[in-house]
Structure formats: C-alpha cells, structure tokens
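> Got a structure for you, written out below as structure tokens; questions coming shortly.
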Amino acid sequence: MYKLIKIPLSIFAFILLGLAFGFLTFKVLSFSRTVQVPDLYGKNLVEANKILTDKGLYLKVEGEDYDSSIPSGNIVKQDIPGGHAVKERRGIKVVISKGPRVKSIPMLVNERLTDAETLLIKDGVKIGKVIMVHSDQVDKDKVIAQKPGTNEPVSDNITLLVSLGPYDRKYICPDFKGMPLEQANILIKKLNLNAETEGSGEIIESQKPGPGKQIKTGDIIYLKLN
C-alpha cells in the first residue's frame, strides 16, 4: 500500500515545483524594466556601448556600409530607432560606417561635360545635378564649377555648373567691303562672329550676309577677297 502512494506523491511534487519555477520566471520577465532606446546615429562604438549599458541594453554589430557623411567606425543605422521603448537586456543591432566609397574628387573645371562624366564614372562618383548657365568666359559645354571641390569633404554625388556659352547678341552686320582683311578679322572677333574667306587678296571685295542685315553671335560671315 505504501509503494502505491509514494509514486503519485513524487510526481505531484515535481509538478508543483515546475509550476513554481514557471511562475517565478513569468514574474521576473513581467517586472523587467522598460527603457527608451537612445539614438546612436553618428556615435562611435565605445560611446554607443556605454550609453546602451547605462540603459540596461547591449550593442550588437550587424555589418558595415559606405557613408560619405559619417566617419569610418561610427554608427549609421540601428534596428530599433531612438525613442522606442523596449525591455531591458535587449540587444540593439547596428551597422557601422566604412567611410566614403569615393576617396577623392577630381578637378573638373574647364573639362568638357562628356569628359567629366568619363572621369567621374572611373572614380565611382555620380553626377547628382547639372546646372546650365550662360558664360562669356567659359566655352559652351565646359565645366565652370563643381560641388564638392577637390579640397572639400568627399561625396558620392557631385553637382556641376556647366557653360551654355555667351548669350546670343544681335547686331547689324557691318560693311566689310573695301576693308583690309586684318582689320575685318579684329572686328569679327570683337563681335564673337566667325569668318570664312574666299580668294587670296588682302582687301575684301564682297560679303555675305550683306551690310545692314541682322546677325547674331556665332554667325559666319563669308568674305570674298579681290
């Protein structure tokens, strides 16, 4: 009779013990303190680890990524954004910066836009924006300025200011007939015109367009020499 009672009592005691441990575990987890996740963006690992430890959390590095604005070794991403509430002893996953993908920006001023694009592709830089403006000093399709410059912080994107050439100016075509070719060329250059000549003399016999016709910068004046 004694043996028949002993086995059920031991099983019952084991069940009670398990329930007690389960209850205690539940109470401990239930009463874990809720804390606010700090913002770790831009912080180095030592600083971030201290901040999390003070909050009862811990740091977990998940990987690396390029970032031109955050120094190498500092945090660029975290899985739980700053300000969110979590239980203590929670791991906060972060991604740290590998620094900029591009190490230097080439000098592009006075380069033609097509040549600048080739240089940038080779260096792994993208043209973020091209701004076209008129310029009397820089030839058409050449780079006037760049942002960032060669001495500025490196970026994966660059903005280029590119020349459209000078504004078109309209003139009344001068009378070149009877004028020495050398004198005509000086005037043509001042007006930002182009000249094509026919014949081998030094004095202009005729012209096209004729005197008094409307012309604009960049037009060609055809001169016939006597």
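Taken together, the values in this text are just the output of simple stated rules run on the coordinates, not laboratory data. As the structure is a computational prediction, the values presented were derived from the model and not from experiment. Neighbour counts run over all protein chains shown; Cβ positions are idealised from the backbone, glycine included.
> By its C-alpha gyration tensor, with a ≥ b ≥ c as the square roots of the eigenvalues, how is region 170-225 shaped: rounded for a/c under 1.5, else prolate for a/b larger than b/c, else oblate?
Numbers: a/c = 1.81, a/b = 1.54, b/c = 1.18.
Note, shape of region 170-225 comes out prolate.
> Let me ask something additional. Among Leu187, Leu164, Leu57, which one shows the highest mean-square fluctuation when the chain is modelled as a Gaussian network with alpha-carbon springs under 10 Å?
Looking only at Leu187, Leu164, Leu57, the largest GNM fluctuation is found for Leu187.
> Here is a further query. Starting from the Cα gyration tensor of the chain, multiply each eigenvalue by 5, take the square root, and state the resulting semi-axes largest first in whole Å.
Values: eigenvalues 1442, 45, 39 Å².
So the equivalent ellipsoid measures 85, 15, 14 Å along its semi-axes.
> If we count every other residue with Cβ under 9 angstrom of Asn157's Cβ, Lys/Arg +1 and Asp/Glu -1, where does the sum land?
+1
> Then there is this: Take every DSSP beta bridge whose two residues both sit in region 113-163, then give the antiparallel share in percent to the nearest 5.
So the antiparallel bridges amount to about 35 percent of the total.
> Jot down the per residue volume, in cubic angstrom and as a whole number, of the convex hull over the alpha-carbon atoms of region 134-198.
That works out to 115 Å³ per residue.
> Which one, Val61, Gly42, Pro71, is farthest towards the positive end of the dipole of region 32-99 when Lys and Arg carry +1 and Asp and Glu -1 on their Cβ?
Val61
> When the chain is modelled as a GNM with alpha-carbon springs shorter than 10 Å, which of Ser206, Ser97, Ser72 fluctuates the most?
Maximum among the listed residues: Ser206.
> Expressed in nm², what is the orientationally averaged projection area of the convex hull enclosing the Cα positions of region 113-163?
3.5
> Given axes a ≥ b ≥ c from the Cα gyration tensor, I'd like to know whether region 110-226 is rounded (a/c under 1.5), prolate (a/b larger than b/c) or oblate.
Prolate, because a/c is 1.5 or more and a/b exceeds b/c.
> When the chain is modelled as a GNM with alpha-carbon springs shorter than 10 Å, which of Pro106, Pro180, Pro71 fluctuates the most?
Of Pro106, Pro180, Pro71, the most mobile in the Gaussian network model is Pro180.
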